[in-house]
Amino acid sequence: MLNIYLNMADRYVLTADRSQVSNFRGNFLFGFLSCGPAKISPRPIYSMICPTGDTFDKRSGELLLAPLGLRRIQESLSRKYGNDRVVAQHPGRIEQAVNEETKIVGLTEMSPLGIGTVDTAISWNNDPWNREWFIRLTKNLKKLKDRYKFKVVVGGPGSWQLLRPFTDYMRRVDTPRSRESRIEVQTSSYTTIKDEIDPWVKEELGVDYVVEGEADLTAPYIFERIQNDDPHEVIRSLTNTIKSIEDIPEITRPTLTGTVEIMRGCGRGCDFCAPNLRTKRDFPIERLVREAKRNIAVGQRAIWLLTEELTLYGCDNKDKIPNGDKIVELFRSLKEAGAEKIGATHWTFAGVRAAPETIAEISKINNLGPESWMGVQPGLEFVSPRLVRKFMPYKMKPFTPEEYPETVKEAVKIMNKNYYYPAITLVVGHPDEQDDEVDITTDFIDELSNKVGLKGIIAPLLYVDYYKPYRSMDYDMMNEHHWKLYYTAWKHNARQFNQDIWLATQSFGLISRYATIIGTYAVSGVIMRFLKSQFRMRFGYIPDWMTSSSKKVSPSSSPTGAAH
């Protein structure tokens, strides 16, 4: 154990970049705006859709509502040092919280450099808002650090973005950008993770330490190591450091969007998914009710359940058959505690198809209906039976890989029938995927959109490998098959945006609602013109699946679209 003299006046400040401290008007899906290019959504528009005025104390700058991960660390440190020595601060008021007594400023980050799967899929190599906000915050902290001499540590699910070799690979302009380049660089130095923060991150942004993993229990020990000038700038806290669910600190302060973590880990076993690295653990309902009540007490009537797989809550059977009774008990308990709406972040299509009565019951508990829908995020990824069997063999249980397409279609019908609006994710550019398998997914998306009548959106996400960056996909590596999949998804989305924006903005004021609706119509058109323009620039023509005509259009005669 480290032994260090801790002055009773030592102070610890926790924060996150601006993109993570909004309540998103009660709709967490609006948070995806932070992953889009800043130049497309000017700051006034961003601030209108993702305000922060209701999340912090106007006098002190202290966060009244904070990200759940930050609250976990705050609780852990407070147990060690006391509540008065640990503060969660709004990033725009950070100057009010730091002084000579500040020893460490900790940041909880989702995607600090904007190179996660969602960011890369919708930012088109432009700086997204989350990157802009992170850089603005860290540069401000660097100036304050020069004066007060504290340490800056970054943790959270996006901390990997600050490490080499991923940053090296992403900025290498001389790397061949093609599918073959993945093979060409496999033997290079960029294939091995190094315990090293990117030099630019250290020198320009002033980040001293990066923490990866679950630090709920180990945060005080990590802070002692940092305060003692630990020589290891990258500190990893493995999932096995948490022996019991009781080791994870209970939240005693409100969280953004009324978030309550009901389970950790997943249990589905997809090999490309980071949550799969964590052991599946369910939090007991009694504890979840206590945490929910702390949000309800400050006026948050909607409680969002943070989970990788809602339909596996309380499930302990190998066939992944949902425990419907436990799920319904959870929803009813939260409803009785005072929640008006109970949402959940992630479901699976297999779980929904296997438990239609459960979905219908929780919809009834939520009082959903034609004018009151709720968002959810299920992952489709791809539908090729070979890929499903090889890379996500348990994702469709209790069904088979061959039944996966039908499972998805049935689950979409069940969700829409019960007024759940899915934001479906796809994996674009998995390194093992063949062109005909990409086409299978494209045809399936077209069927969902035009035959099944999906009411929801489809998010095509570029494959990102957190440990072997040479396996990651980017736009320059996309071939025409990838492009057709990407375009098909966004063609569906543009239509859905225009159809459903009135319902999605029901919590807005009249002026901001109309402004958002007009902006959505404009942006939808810009997106489709932009995609056509980018395809033409890369391949020299516009294909018939982008237009009503089968005639190829030369670069000189085709429409210009949006600027890149």
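The values are calculated or read from the model by the stated rules, or taken from the named source; none is laboratory data. The model shown is predicted, which means the values in this text are computed figures rather than measured ones. Every residue, glycine among them, receives a Cβ derived from its backbone with ideal geometry; neighbour counts consider all protein chains shown.
Descriptive notes on the structure:
- Given (1) more than 14 Å from the chain's Cα centre (by Cα); (2) crowded, with 21+ Cβ neighbours inside 10 Å; (3) of a type in the set (Asp, Glu), index of the condition GLU109 fails: (1)
- Checked against (1) part of a helix (DSSP H, G or I); (2) surrounded by fewer than 22 Cβ atoms within 10 Å (Cβ to Cβ); (3) of a type in the set (A, V, I, L, M), ALA411 meets all criteria but (2).
- Filter pass, ASP168 being modelled with pLDDT of 90 or more, farther than 19 Å from SER34 by Cα and acidic (Asp, Glu): no
- Residues of the stretch 203-217 satisfying the condition of being touching a residue at least 24 places away in the same chain (Cβ under 8 Å) and at negative phi: GLU204, LEU205, VAL207, ASP208, TYR209, VAL210, VAL211, GLU212, GLU214, ALA215, ASP216, LEU217
- When we screen ILE365, ILE342 for residues that are touching a strand residue (DSSP E or B) at 6+ places or on another chain (Cβ under 8 Å), within 27 Å of GLY31 (Cα to Cα), surrounded by fewer than 23 Cβ atoms within 10 Å (Cβ to Cβ) and hydrophobic (A, V, I, L, M, F, W, C), the only hit is ILE365.
- Meets criteria (in a helix (DSSP H, G or I) and within 24 Å of the chain's Cα centre (by Cα)) for GLU95: no
- Residue check for ASN317: at pLDDT below 95 and over 21 Å from GLY379 (Cα atoms): yes
- Scanning the stretch 49-80 for residues that are in a helix (DSSP H, G or I) and either within 21 Å of the chain's Cα centre (by Cα) or at pLDDT 95 or above (or both) yields ILE49, LEU68, GLY69, LEU70, ARG71, ARG72, ILE73, GLN74, GLU75, SER76, LEU77, SER78.
- Single condition VAL523 does not satisfy, out of (1) within 23 Å of LYS455 (Cβ to Cβ); (2) modelled with pLDDT of 70 or more; (3) of a type in the set (Val, Ile, Thr): (2)
- Filtering ASP443, ASP432 for residues that are outside the structural domain of THR120 (by TED's automatic domain parsing), part of a helix (DSSP H, G or I) and surrounded by fewer than 19 Cβ atoms within 10 Å (Cβ to Cβ) leaves a single hit, ASP443.
- Residue match in the stretch 460-477 (condition: hydrophobic (A, V, I, L, M, F, W, C), assigned to a loop (DSSP other than H, G, I, E, B), outside the structural domain of ASN125 (by TED's automatic domain parsing) and touching a Phe, Trp or Tyr at 6+ places or on another chain (Cβ under 7 Å)): yes
- Filter result for LEU14 (buried (at least 23 other Cβ atoms within 10 Å of the Cβ), closer than 26 Å to PRO128 by Cα and not hydroxyl-bearing (Ser, Thr, Tyr)): yes
- Annotation note: Cβ proximity below 6 Å between a residue of the stretch 87-102 that is touching a residue at least 24 places away in the same chain (Cβ under 8 Å) and within 14 Å of LYS143 (Cβ to Cβ) and a residue that is buried (at least 16 other Cβ atoms within 10 Å of the Cβ) and small (Gly, Ala, Ser) (sequence gap 6+ or interchain) occurs for no pair.
- If only residues of the stretch 321-354 that are farther than 17 Å from TYR421 by Cα and touching a Pro at 6+ places or on another chain (Cβ under 6 Å) are counted, the one that is modelled with the lowest pLDDT is ILE321.
- Consider the stretch 112-149 and keep the residues that are of a type in the set (Val, Ile, Thr) and over 14 Å from the mean Cα position of the chain (by Cα). The one that is surrounded by the most Cβ atoms within 10 Å (Cβ to Cβ) is THR138.
- In the stretch 214-224, the residues that are out of contact with any helix residue (DSSP H, G or I) (no Cβ under 7 Å at 6 or more places or on another chain) and surrounded by 19 or more Cβ atoms within 10 Å (Cβ to Cβ): ILE222
- In the stretch 414-429, the residue that is farthest from SER472 (Cα to Cα) out of those that are assigned to a strand (DSSP E or B) and not β-branched (Val, Ile, Thr) is TYR420.
- Qualifying residue in the stretch 371-383 (condition: over 24 Å from ILE122 (Cβ atoms), more than 19 Å from the chain's Cα centre (by Cα) and at pLDDT below 95): yes
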